[in-house]
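One structure below.
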Amino acid sequence: MTGAGALLVVGDVVTDVVAVHQEPLAPATDTAARIRTLPGGAGANAACWAARTGAPEVRLLARVGAGSAQWHERALLAAGVRPHLVVDAEEPTGTVVVLVGKDAERTFLTDSGAALRLCPADWTPSLLDGAAHLHLSGYLFFADSSRELALVALRAARARGVPVSVDPASAGFLLTLGPRRFLDSVAGVGALLPNEDEALLLAGLPGDAGAARAAAELSRRVPLVVVTRGAGGALVAEDGRVTAEVPAEPAEAVDSTGAGDAFTGGFLAARLTGAGPADAARAGCRAAALAITRLGGRP
């Protein structure tokens, strides 16, 4: 995946309500927290990080509610992303409550709202004009209408010879949908970017099997698999074997929200500018290290 063409991301825009609490949650009473309302969404975050880390042009197709459409559009433009936002007349923009504990790990409460109401009617073939790569947020595959849209985009990209990547996005939602159904849906993509939990689930392996084995197994089905492991860095697998192990960049974690999205954005930006998989994974790790030093999922 090389060249100076655009990156098209199809995914989700949401409003993140991030609550950082130093003490454990106290049931039935108050817990002190630092709370911020920020733009987010896995697809949008990845697009913003790709723009931040050197992708020549980044486009984003997503669906938002009318009440916050202008706010989200301004935030994306300020981040260097060309937004193609479909305004939903019925549902508000998706909202995610992000609970961040003392260890910087996060727990999500998710209301997808308009995000997963993307549908084939929202697709415009011209979105691929001049595109060198299509990236699909895995969240799209967890609802019927957005999954149909993702498949339309995937088929259109393959017809034009545009490579496609997918970030599985959520182990919890994957478990509900079913790993086999997800893998069948993404058949034909060139790169899969799961975290370790998602990789193990998709490979049908127990939790103690290890990321390397999961990456190798998945790369027999998808040509390039890059598994992120948080502080453990990333693994690159091709043709049934691990071809590179990339260490994480040192950083003092404040909030791990969006670290995987930052990795994806950095990885894709590097690939677009000619980097091989291992060097692109290093670029992804650098972006992820920067992401965890700040609140929220955006640069």
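The values are calculated or read from the model by the stated rules, or taken from the named source; none is laboratory data. Remember, it's a predicted structure, so these values are computed and weren't measured experimentally. Counting neighbours? That spans all protein chains shown, and the Cβs are built from the backbone with ideal geometry, glycine included. SASA here: full protein model, heavy atoms, side chains in, ligands and nucleic acids out. Shrake-Rupley method; radii C 1.70, N 1.55, O 1.52, S 1.80 Å.
Annotations for the structure displayed:
- Output for region 111-126, where each listed residue is touching a residue at least 40 places away in the same chain (Cβ under 8 Å) and either farther than 17 Å from V164 by Cβ or open to solvent by 10 Å² or more (accessible area, probe 1.4 Å) (or both): S112, G113, A114, A115, L116, R117, D122, W123, T124
- Taking the listed residues A215, A289, A269, A281, the one that is under 16 Å from the mean Cα position of the chain (by Cα), without any contact (Cβ under 8 Å) to a residue 60 or more places away in the chain, in a helix (DSSP H, G or I) and farther than 30 Å from A33 by Cα is A281, with no other qualifying.
- Of A143, A159, all but one fail to be surrounded by fewer than 20 Cβ atoms within 10 Å (Cβ to Cβ) and at pLDDT below 95; the exception is A143.
- Pairs with Cβ under 9 Å, 6+ apart, first in region 146-167 and under 15 Å from H133 (Cβ atoms), second acidic (D, E): D167/E198; D167/D261
- Within region 182-207, the set of residues being surrounded by fewer than 16 Cβ atoms within 10 Å (Cβ to Cβ) and either closer than 22 Å to T107 by Cα or basic (K, R) (or both) comprises G207 only.
- Test: residue in region 15-37 that is closer than 15 Å to A114 by Cβ, in a helix (DSSP H, G or I) and not acidic (D, E): no
- Any chance A6 is crowded, with 16+ Cβ neighbours inside 10 Å and within 14 Å of the chain's Cα centre (by Cα): no
- Residues in region 167-181 that are open to solvent by less than 60 Å² (accessible area, probe 1.4 Å) and touching a helix residue (DSSP H, G or I) at 6+ places or on another chain (Cβ under 6 Å): D167, P168, A169, A171, L174, L177, P179.
- Filter result (open to solvent by less than 50 Å² (accessible area, probe 1.4 Å) and polar (S, T, N, Q)) within region 228-279: T228, S256, T257, T264
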